[in-house]
Amino acid sequence: MEKHWANTLKIPVEEVHAKKLVYPCNHDPDGNPRTNGYMLERNAIDFNDTREAMIRQLSYLTKHDPEDTTPSSTRKFFISQFQKDEDRAAKIRRFYADKKRSEEK
């Protein structure tokens, strides 16, 4: 994922990491390591605890749209949408264009 953002923004992968443009979800808000995946095994002793943790993590992804009439057999993709700040976007584009030109010299 980091590599794709770096290619899109035309910046080094290290800069993507430094600016935290991609959040891998492998640390909690306090910086402590946490699981980034679960293995739910039917006969495991911690089955219920693991199941609850999975539901808690997945519940943040769920969205209910009562007006959605798309057939269930059709794939649907949703994203959060924010108003784009055109002035800020133009400044960022200029910054990286200038940076690229200075590196080429």
Selected residue (criterion: modelled with the lowest pLDDT) from residues of segment 20-55 that are closer than 23 Å to residue 1 by Cα and among the aromatic types (Phe, Trp, Tyr): 23
Scanning segment 1-55 for residues that are small (Gly, Ala, Ser) and closer than 30 Å to residue 92 by Cβ, the one surrounded by the most Cβ atoms within 10 Å (Cβ to Cβ) turns out to be 6
Cross-chain or 6+ apart pairs with Cβ under 8 Å, segment 42-58 first and at negative phi and in a loop (DSSP other than H, G, I, E, B), then of a type in the set (S, T, N, Q) and surrounded by 10 or more Cβ atoms within 10 Å (Cβ to Cβ): 44/50
Of the residues in segment 1-38 that are of a type in the set (Val, Ile, Thr), part of a loop (DSSP other than H, G, I, E, B) and over 13 Å from the mean Cα position of the chain (by Cα), the one that is nearest to residue 57 (Cα to Cα) is 35
Which residues, counting only those in segment 56-69, are surrounded by fewer than 10 Cβ atoms within 10 Å (Cβ to Cβ) and at pLDDT 75 or above? 56, 59, 67, 69
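The values are calculated or read from the model by the stated rules, or taken from the named source; none is laboratory data. Please read all numbers here as calculations on a predicted model, not as lab measurements. Please note: Cβ atoms are built from the backbone with ideal geometry, for glycine as well, and neighbour counts cover all protein chains shown.
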